[in-house]
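For reference, the structure is listed below as structure tokens.
The values are calculated or read from the model by the stated rules, or taken from the named source; none is laboratory data. This structure is a prediction, so every number in the text was calculated from the model and none was measured. When we count neighbours, we look across all protein chains shown, and the Cβ atoms used for this are built from the backbone with ideal geometry, even at glycine.
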Amino acid sequence: MTIPTHIAVYGMDMGMTGARAALLLTVIGAASMAGRLATGYFQDRLGSQAAYSACFIPILISLNAMLLWDNHTALFVFMALYGFGHGGFFSVVSPTVAEYFGMQSHGALFGIILFFGTIGGAIGPILAGMVFDYSGNYDSAFITLAVLMALGLILVLTLPKTQATAA
């Protein structure tokens, strides 16, 4: 939630008008819808590990690219990548819980995951804002997010194969 919360302000800091910077959220939203559909389709065919990777990788690329380029057009491309991965996570979590743990405790496990995800979604934007207030830029926040995404990707890649993915 850090990127959607701060992206319009980040765009304005890059010299965009408020209206143009707000379009970055539209790009994230549209790409998020595409990511949800594509990742769900992808997961049905290749399993959770591959689908999760398909979510982490574009977000990781977009976060790193934001540190390297300050071009307005490029930022729209990066937000499309970010949105695709961000949206994909919404369609991956529930089936992954079912794939690894079955349906017996699906509701409880899914609720716990969403609970902690919501805590992270609440704290992340506040911390990023504090980083910006302290340093005058978002670089440290974006680096931290990229490191967390890389860690998540590594953890996903270490997941054991399931019967659904072994077939």
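Please specify each residue of region 63-79 satisfying the condition of being closer than 13 Å to VAL27 by Cα and within 11 Å of the chain's Cα centre (by Cα).
Once the filter is applied, which keeps residues that are closer than 13 Å to VAL27 by Cα and within 11 Å of the chain's Cα centre (by Cα), region 63-79 yields only MET79.
Quick check on my filter: what residues within region 45-61 are in a helix (DSSP H, G or I), more than 18 Å from MET79 (Cα to Cα), touching a residue at least 12 places away in the same chain (Cβ under 8 Å) and not polar (S, T, N, Q)?
If the condition is that a residue be in a helix (DSSP H, G or I), more than 18 Å from MET79 (Cα to Cα), touching a residue at least 12 places away in the same chain (Cβ under 8 Å) and not polar (S, T, N, Q), then LEU46, ALA50, ALA51, TYR52 are the ones that fit.
I'd like the full set of residues that are over 23 Å from ASP139 (Cβ atoms) and among the basic types (Lys, Arg), limited to region 1-48.
Passing the criteria: ARG36, ARG45.
Please state which one of PHE84, PHE90 is at pLDDT 95 or above and in a helix (DSSP H, G or I).
Going through PHE84, PHE90 in turn, just one is at pLDDT 95 or above and in a helix (DSSP H, G or I): PHE84.
Check SER135, SER140, SER91 and return the single one that is among the small types (Gly, Ala, Ser) and closer than 21 Å to GLN43 by Cα.
SER91
Please report, ordered by residue number, the helices (runs of 4 or more DSSP H) entirely within region 93-167 with at least 1 residues that are within 15 Å of the chain's Cα centre (by Cα), surrounded by 13 or more Cβ atoms within 10 Å (Cβ to Cβ) and in contact (Cβ under 8 Å) with a residue 24 or more places away in the chain.
Because the criterion is at least 1 residues that are within 15 Å of the chain's Cα centre (by Cα), surrounded by 13 or more Cβ atoms within 10 Å (Cβ to Cβ) and in contact (Cβ under 8 Å) with a residue 24 or more places away in the chain, the helices (runs of 4 or more DSSP H) in region 93-167 that meet it are 106-135, 139-157.
Which one is farthest from TYR100 (Cα to Cα) among residues in region 25-52 that are among the polar types (S, T, N, Q) and crowded, with 16+ Cβ neighbours inside 10 Å?
SER32
Looking for whichever is more than 17 Å from ASP70 (Cα to Cα) and not polar (S, T, N, Q) here; the options are TYR52, TYR10. Which one fits?
TYR52
Looking only at region 10-24, count how many residues are among the hydrophobic types (A, V, I, L, M, F, W, C), touching a Gly at 6+ places or on another chain (Cβ under 9 Å) and touching a residue at least 24 places away in the same chain (Cβ under 8 Å).
The number of residues fulfilling the criteria is 2.
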